[in-house]
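What follows is one structure encoded as structure tokens, with my remarks underneath.
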Amino acid sequence: MGWAIALHGGAGDIPVDLPTDKRAPREATLRRCLDLGVAALKAGRSPLDVVELVARELENCPYFNAGRGSVLTTNGTVEMEASIMDGTSKGCGCVSGLTTVVNPISLARVVMEKTPHIYLAFDGAEAFAREQGLETRDQSYFITEQNIERLKQAKEANRVQIDYTQPQPIKEQAIPRSEGDSQIGTVGCVAVDRNGNLASATSTGGLVNKMVGRIGDTPVIGSGTYANTICAVSATGKGESIIRNTIARDVAALMEYKGLSLKDAANQVIANAPKGTVGLVAVTDKGDVAMPFNTTGMFRACAVEDGHSEIAIW
């Protein structure tokens with residue numbers, strides 16, 4: 001038994017010839033966030049603190065689809081969502097429809113710890129964030145030139161774009177191949193400490209050109225995020241597919257009820273999901289790690305107490 005951490009920056013149809021100027025900043029951010037999480041675990045921080053800390057850093061990076069890097073709705077606005085879960089208590093917090101909150105993952109934790117509820121959304125969640133003193137910014141802070149261009153391209157093609165994956169057509173039509181940078185990915189982190197305590201966090205801006213009010217898998221406990229005393233899971237990919245297949249909970253259920261190892265459970269869940277739609281990162285109370293996906297690639301990183309660490313895409 002030992003500590004372990006895994007994180008992701010989205011899964012999808014990531015071209016193997018992704019240009020260095022688009023790949024390198026994301027890899028560097030994953031490395032920095034991995035180092036940050038490892039240092040926090042070594043310092044004795046709780047897994048809940050660690051996953052929030054890492055998710056906040058990923059939210060602050062414009063290269064990923066969360067926080068400042070959030071993609072735009074069909075109206076040209078941001079609607080961010082996030083969730084966090086503690087494995088020991090099964091305490092959890094979820095938020096959706098955020099337009100001004102700098103770190104949605106921190107609001108999700110405040111919902112978990114300071115309300116009798118699990119899920120707050122839209123105006124109510126925004127008001128609660130201000131009441132609790134969380135940092136907010138004008139919407140212009142989140143609306144980057146890159147995401148304005150992504151929305152323009154999506155509208156011209158009449159499509160909804162899903163992380164790095166080939167666009168999902170709104171109407172049946174020929175779809176031009178993505179050049180690989182028009183979709184950026186949901187972020188997530190899972191961690192376990194030396195005592196076997198687990199936690200999971202996931203955050204996203206959703207889909208490029210999504211309908212206003214659309215909610216994906218990220219804030220849905222059991223779909224995009226789940227943690228108990230056995231494992232912690234954070235999923236990424238096509239939200240509708242992840243919700244239908246209860247991806248995160250199914251990994252835990254296969255371990256709990258069928259006695260499967262993390263690797264076998266995670267691989268079975270990914271194999272049963274529609275091809276090209278799902279990836280996940282997961283850790284167990286014993287410090288095992290799994291990072292499977294059925295897409296072309298997934299920006300991911302992990303480290304365990306015995307010294308092994310890796311950062312990978314394909």
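The values are calculated or read from the model by the stated rules, or taken from the named source; none is laboratory data. Note that the structure is predicted; figures quoted are calculated from it, not measured. Note that we place each Cβ from the backbone using ideal geometry, even for glycine, and neighbour counts take in every protein chain shown. When the accessible area is computed, the model is the full protein with side chains, heavy atoms only, and any ligands, DNA or RNA have been set aside. Shrake-Rupley method; radii C 1.70, N 1.55, O 1.52, S 1.80 Å.
Descriptive notes on the structure:
- Cα-centre dipole for segment 4-152 with unit charges at Cβ (Lys and Arg positive, Asp and Glu negative), debye to 20: 320 debye
- Peptide packing: for 294-303, 80-89, 222-231, the average count of neighbouring Cβ atoms within 10 Å per residue gives the ranking 80-89, 222-231, 294-303, highest mean first.
- When only alpha carbons are used to place a centre, segment 224-277 and segment 140-155 end up 32 Å from one another.
- Over 13 Å [Cα-Cα, segment 1-78], rounded percent: 71 percent
- What a 1.4 Å probe finds exposed on segment 251-314 is 48% carbon and sulfur by accessible area, rounded to a whole percent.
- Average accessible surface for the chain: 38 Å² per residue, computed with a 1.4 Å probe over protein heavy atoms with every protein chain in place.
- Ranked by the mean number of other Cβ atoms within 10 Å of their residues, highest first, the peptides 207-216, 11-20, 98-107 come out as 98-107, 207-216, 11-20.
- Summed side-chain charge close to residue 249 - residues other than residue 249 whose Cβ falls under 12 Å, Lys, Arg +1, Asp, Glu -1: -2
- Furthest towards positive pole of dipole, 304, 237, 201, structure part the chain, Cβ charges: 237
- Dividing the alpha-carbon radius of gyration of segment 1-156 by the rule-of-thumb value 2.2 N^0.38 Å gives 1.10.
- Spin-label model distance (nm) - residue 137 vs residue 117, 7 Å beyond Cα toward Cβ: 2.6 nm
- Protection proxy ranking, highest mean first, for peptides 253-260, 22-29: 22-29, 253-260, where packing is the per-residue count of other beta-carbon atoms within 10 Å, averaged.
- Global geometry of segment 240-314, whether rounded, prolate or oblate, following the gyration tensor of its Cα atoms and the 1.5 cut on a/c: oblate
- Distance-filtered residues of segment 207-236 - backbone nitrogen under 11 Å, label point 7 angstrom along residue 90 Cα→Cβ: 227-229
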